[in-house]
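A.B. asks: Sharing a structure below in structure tokens format, with a few things to ask.
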Amino acid sequence: MSPSEYLKEKIGERTALFSNGETGFMKFIESIVPDRLYILDEPENSLSCELQMKLAQYIEESSRYLGCQFIIATHSPFLLALENAKIYNLDGNPATLSCFGDLPNMKLFYNLFKKHEEEFK
């Protein structure tokens, strides 16, 4: 069953009103149960920047207030910037504990925005 078919089965007709990302985000929020460990593989897929920020906030609040723990494989700067996150860079051998600003992907984002800095003023 494809992810879209799964969501349609679980959520029903609501999926016609929302994008795949919005539908997946709603299903994710509805599925969180307190005091659980969640392993997520790129949960930012199909999410706009705005929804990635909301996802990060929801994960942070679920951790703080619901006692949930998350192990997340991601390239999302919004998820990598979660407060108190331990980031393991799996691209190196061996994998290393890293800071947000030391990750090659985050440096690429930084350089891109720095290059276009004048466009934001």
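A.B. asks: Determine how large the accessible area of Cys99 is when every protein chain is in place; take a 1.4 Å probe and give Å² rounded to the nearest 10.
C.D. replies: Near enough 80 Å² of accessible area.
A.B. asks: So for Ser19, Ser46, what's the accessible-area order with a 1.4 Å probe, most first? Could you put the intermediate results ahead of the total?
C.D. replies: Working: Ser19 55, Ser46 90 Å².
I get Ser46, Ser19, largest accessible area first.
A.B. asks: Here is a further query. By accessible area of protein heavy atoms, probe 1.4 Å, what ranking do Thr96, Thr23 get, highest first?
C.D. replies: Thr96, Thr23
A.B. asks: Moving to a separate point now. Hey, could you get me the Stokes-Einstein D for the chain, Kirkwood radius over alpha-carbon pairs, 20 °C and 1.002 mPa s, rounded to whole µm² s⁻¹?
C.D. replies: On the way: Rh = 16.1 Å.
Translational diffusion coefficient: 133 µm²/s.
A.B. asks: Still on this model: Express the accessible area of the chain per residue in Å², computed with a 1.4 Å probe while the remaining protein chains stay in the model. Could you put the intermediate results ahead of the total?
C.D. replies: Working: 8860 Å² over 121 residues.
Computed with neighbouring chains in place, this is 73 Å² per residue.
A.B. asks: Counting DSSP beta bridges in the chain, what percent are antiparallel, to the nearest 5?
C.D. replies: In the chain, approximately 40 percent of DSSP beta bridges are antiparallel ones.
A.B. asks: Could you give the dipole magnitude of the chain about its Cα centre, charging the beta-carbon of Lys and Arg +1 and that of Asp and Glu -1, in debye to the nearest 20? Before the final figure, lay out each step's value.
C.D. replies: Working: 12 positive and 18 negative charges, 21 e Å.
Dipole size: approximately 100 debye.
A.B. asks: How big is the gap, in Å, between the Cα center of segment 33-54 and the Cα center of segment 70-104?
C.D. replies: If we compute the Cα centre of each part, the gap is 15 Å.
A.B. asks: In addition: Using 7 Å Cα-to-Cβ label points, what is the Leu37/Asn93 separation (nm, one decimal)?
C.D. replies: Inter-label distance under the simple model: 2.7 nm.
A.B. asks: Before anything else, pin down the relative contact order of the chain: Cα pairs under 8 Å, at least 6 apart, normalised by residue count, whole percent. Intermediate results must be reported in sequence, preceding the final value.
C.D. replies: On the way: 102 pairs, mean separation 22.4, N = 121.
Computed over the chain, the figure is 18 percent.
A.B. asks: Here is a follow-up. Student exercise: in the chain, how many lysine pairs 8 or more apart or on different chains have Cα atoms under 19 Å apart? Provide the component values of the computation, followed by the final result.
C.D. replies: Working: Lys8/Lys27; Lys10/Lys27; Lys27/Lys54; Lys86/Lys107; Lys107/Lys115.
Going through the chain pair by pair, I get 5.
A.B. asks: Heavy atoms only, probe 1.4 Å: what % of the accessible area of segment 78-121 goes to carbon and sulfur, would you let me know? Mind dumping the intermediate values first?
C.D. replies: Numbers: 2180 of 3810 Å².
The value for segment 78-121 is 57 percent carbon and sulfur by accessible area.
The values are calculated or read from the model by the stated rules, or taken from the named source; none is laboratory data. Nothing here was measured: the structure is a model prediction, and the numbers come from that model. Glycine gets a Cβ as well: all are built from the backbone with ideal geometry, and neighbour counts include every protein chain shown. Quick note on the areas: whole protein, heavy atoms, side chains included, nothing else; ligands and nucleic acids left out. Shrake-Rupley method; radii C 1.70, N 1.55, O 1.52, S 1.80 Å.
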